[in-house]
Amino acid sequence: MSLVQSDPKIAELIAVEQRRQESTLELIASENHVSKAVMEAAGSCLTNKYAEGYPGHRYYGGCGNYDQIENIAIDRAKELFGCQFANVQPHSGANANLAAFMAMMQPGDYYLSLVLSSGGHLSHGMKLNTSAIFYKPDHYELDPKTETIDFESVRRKAHEVKPKMILCGYSAYPRTIDFKKFREICDEVGALLFADIAHIAGLVATGAHPSPFPHAHVVSTTTHKTLRGPRGGLILTNDEALSKAINRSVFPGSQGGPLMHIVAAKAVAFGEALKPEFKTYCQQIVKNAQALAAALQKQGYRLQSGGTDNHLMLVDLRARNEAFTGADAEQAMEAAGMIANKNAIYNDPRPPKLTSGVRLGTPALTTRGLKEADMVTVADLLDRALMGKDSPETLAKIRDEVAEFCKKFPMPH
Ligand code: DSN
């Protein structure tokens, strides 16, 4: 029986959501639109099966097809990132990070990361997360002048704390990460280097951002951001001992049965990412981000660190109007058909529920085929929404314009 026959309510909500996605501009830096092929694998009969264990060593019968699928996903991930080992089973980026922590550290060990409010992630030591409950985070900082990683603070903290691991890779950082410099500091204090490339994985895979290999000991990523696969996680390494520890810490350490429909969808996405057109796509993501950044600066917005090298930017709204908050922007944009998230600006005096900024990213817009000239239109729509944030009529008018504009850029198929 089809979904619409068996559960019309959920079918209707999915249809409404599809229309929402089609008729709005998706500017959330961590989101994307997957291909029909990825969706088909994710919605397949593979959801029916337990496959606890790894290819050739399962705890359930009937896993032959699953072994082949997982091996293909592993081989493609290794080829994509140029490394020796991949675990494709983590259900999410946070799960991947937990398993990576378990492989590198003992509970109670110290590590260094960037604090959440400066661009880090929940799983990098936020006090309510396992990364802070079971391990001891300490933080390096951004340079207040350049608003980029302050390597002097990384070095100082590393020598002071003598951490087991140093974590680089962020949720809200618009600049290139210097993995080599991080590794040099790790070597000075005997720490492991862990790179969480969730945001930039697609860029890394295609050379639009330098690779964490050979510098990082362990690399984690999600598969659904710039990599444009299903929601999920992935762990990579070149170190054999660490690879064994990673496998143990994913299963049985922190997960049971893998989501094999998602593992298959990851394999499909990795296959797509190995094609030349994915490289062109990732280059266009960066070009679009730079075009959007330039257009916003022209309108009077300030960008944290002065711009972007990757797929995202942090827009300090106060430069345009001291009273604007991130919460205002998120709401006004949504009412006008543009989806983004409020985000703290470095040293933001406002609380996290308000903030002074928005984080914008171009991966999803680029998937729909928008180019640099379209970014000028997007910046204009965005600015008009903010300036008209108190007028429901203005926002509704822009919403219609956005919906019309979106018709030129179909979803992937
Ligand atoms: N929550 C994701 C983001 O939006 O950056 C990170 O996992």
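Rule-based calculations on the coordinates, nothing more; no lab input. Here the structure is a predicted model, which is why all the values come from computation and not from measurement. Reconstructed Cβ throughout: ideal geometry from the backbone, glycine too, with neighbour counts over all protein chains shown.
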Give the residues of region 23-58 that are closer than 30 Å to L370 by Cα and among the aliphatic types (A, V, I, L, M), sorted by residue number. L25, L27, I28, A29, V34, A37, V38, M39, A41, A42
I'd like the residue in region 344-380 that is of a type in the set (S, T, N, Q) and either surrounded by fewer than 23 Cβ atoms within 10 Å (Cβ to Cβ) or out of contact with any helix residue (DSSP H, G or I) (no Cβ under 6 Å at 6 or more places or on another chain) (or both) and, out of all such residues, is nearest to G229 (Cα to Cα). T367
How do the pairs read when you match residues in region 353-372 that are touching a residue at least 60 places away in the same chain (Cβ under 8 Å) with residues anywhere that are hydroxyl-bearing (S, T, Y) and surrounded by fewer than 24 Cβ atoms within 10 Å (Cβ to Cβ), using Cβ under 6 Å and keeping only pairs 6 or more apart or on different chains? none
P349 being within 16 Å of the ligand (Cβ to nearest atom) and farther than 22 Å from D400 by Cβ: no
Enumeration of residues in region 52-93 that are in contact with a strand residue (DSSP E or B) (Cβ under 7 Å, 6 or more places away or on another chain), part of a helix (DSSP H, G or I), of a type outside the set (A, V, I, L, M) and away from the ligand (no atom under 16 Å from the Cβ): K78, F81
Using the structure shown, decide if F182 is in contact (Cβ under 8 Å) with a residue 12 or more places away in the chain and under 22 Å from D309 (Cβ atoms). yes
For D109, are the conditions met, namely being among the acidic types (D, E), free of Cβ contacts under 8 Å to residues at least 12 places away in the same chain and more than 16 Å from the ligand (Cβ to nearest atom)? no
Across (1) surrounded by fewer than 21 Cβ atoms within 10 Å (Cβ to Cβ); (2) free of Cβ contacts under 8 Å to residues at least 24 places away in the same chain, G388 clears everything bar (2)
What are the residues in region 7-30 that are among the charged types (D, E, K, R) and surrounded by 16 or more Cβ atoms within 10 Å (Cβ to Cβ), if any? E26
Return yes when E152 is in a loop (DSSP other than H, G, I, E, B), away from the ligand (no atom under 16 Å from the Cβ) and farther than 24 Å from G253 by Cβ and no when it is not. no
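Going through region 117-154 one residue at a time, which ones are of a type in the set (S, T, N, Q) and more than 27 Å from D316 (Cα to Cα)? Working first, answer last.
Within region 117-154, the first condition is being of a type in the set (S, T, N, Q), and the residues that meet it are 117-118, 123, 129-131, 146, 148, 153.
Those that are of a type in the set (S, T, N, Q) and more than 27 Å from D316 (Cα to Cα): N129, T130, S131.
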How many residues are within 16 Å of the ligand (Cβ to nearest atom) and within 17 Å of L98 (Cα to Cα) if we restrict to region 202-231? 6
Let me spell it out: the conditions are (1) at negative phi; (2) part of a loop (DSSP other than H, G, I, E, B); (3) free of Cβ contacts under 8 Å to residues at least 40 places away in the same chain, and K9 meets all of them except one. Which number is the exception? (2)
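Yes or no, residue by residue, for (1) within 16 Å of the ligand (Cβ to nearest atom); (2) in a helix (DSSP H, G or I):
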site	(1), (2)
P144	no, no
K157	no, yes
E160	no, yes
I166	no, no
S171	yes, no
T176	no, no
Those residues that are of a type outside the set (K, R) and closer than 16 Å to D187 by Cβ, I need them from region 141-166; list them, please. F151, V154, A158, H159, V161, P163, M165, I166
